[in-house]
1. So which lysines can residue 59 reach, going by Cα to Cα under 25 Å and dropping same-chain residues fewer than 8 places off?
2. If you put +1 on each Lys and Arg Cβ and -1 on each Asp and Glu Cβ, how big is the dipole of the stretch 1-44 around its Cα centre, in Debye rounded to 20?
3. Give me the accessible area of residue 60, 1.4 Å probe, in Å² rounded to the nearest 10.
4. Enumerate the lysines that residue 43 could reach by cross-link, defined here as Cα to Cα under 28 Å, with residues fewer than 8 away along the same chain left out.
5. Rolling a 1.4 angstrom probe over the protein chains, ignoring ligands and nucleic acids, what is the accessible area of residue 107 in square angstrom, nearest 10?
Amino acid sequence: VPVLAGFKASNKFSFLIGPEPSFLLNATTSFEDDKQNNTPTFKNFDLALDIGAVFNLNKRFAFDFRYSHGFRMLSGAPTTDTQYDLDDFGIYEERNRTLQLDLVYLINAN
């Protein structure tokens, strides 16, 4: 649920910034015939900061490019696997980080 403020640099170009609260509804994994509910393993709320830009192609279409950086650790499961980013306590740091590119169709509200 991003809440973004837009700052117009020109008629065709704007910058975006704002918070994005996220809520976990369901987390499942499946391998062959085995399906597992992992929802209790993760935290059910995340807060991220979004930054981005919008380029208006014309009155109907625009491109939206955003980066979202989550601040909360999504789980606190200890691990010994060294291929992941671990904090000083050996906890795997799972955070949401997302790049997003959108083609936007603009609707005239008048």
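1. 8, 12
2. That gives a dipole near 460 debye.
3. Using a 1.4 Å probe on the heavy atoms, I get roughly 100 Å².
4. Of all the lysines, those that pass the test against residue 43 - Cα under 28 Å, at least 8 places apart if same chain - are 35.
5. Number for this one is 140 Å².
The values are calculated or read from the model by the stated rules, or taken from the named source; none is laboratory data. Keep in mind the model is a prediction, meaning the values are calculated, not measured. Quick reminder, even Gly has a Cβ in these numbers, built from the backbone with ideal geometry, and neighbours come from all protein chains shown. Note: areas computed on protein heavy atoms with side chains; ligands, DNA, RNA excluded. Shrake-Rupley method; radii C 1.70, N 1.55, O 1.52, S 1.80 Å.
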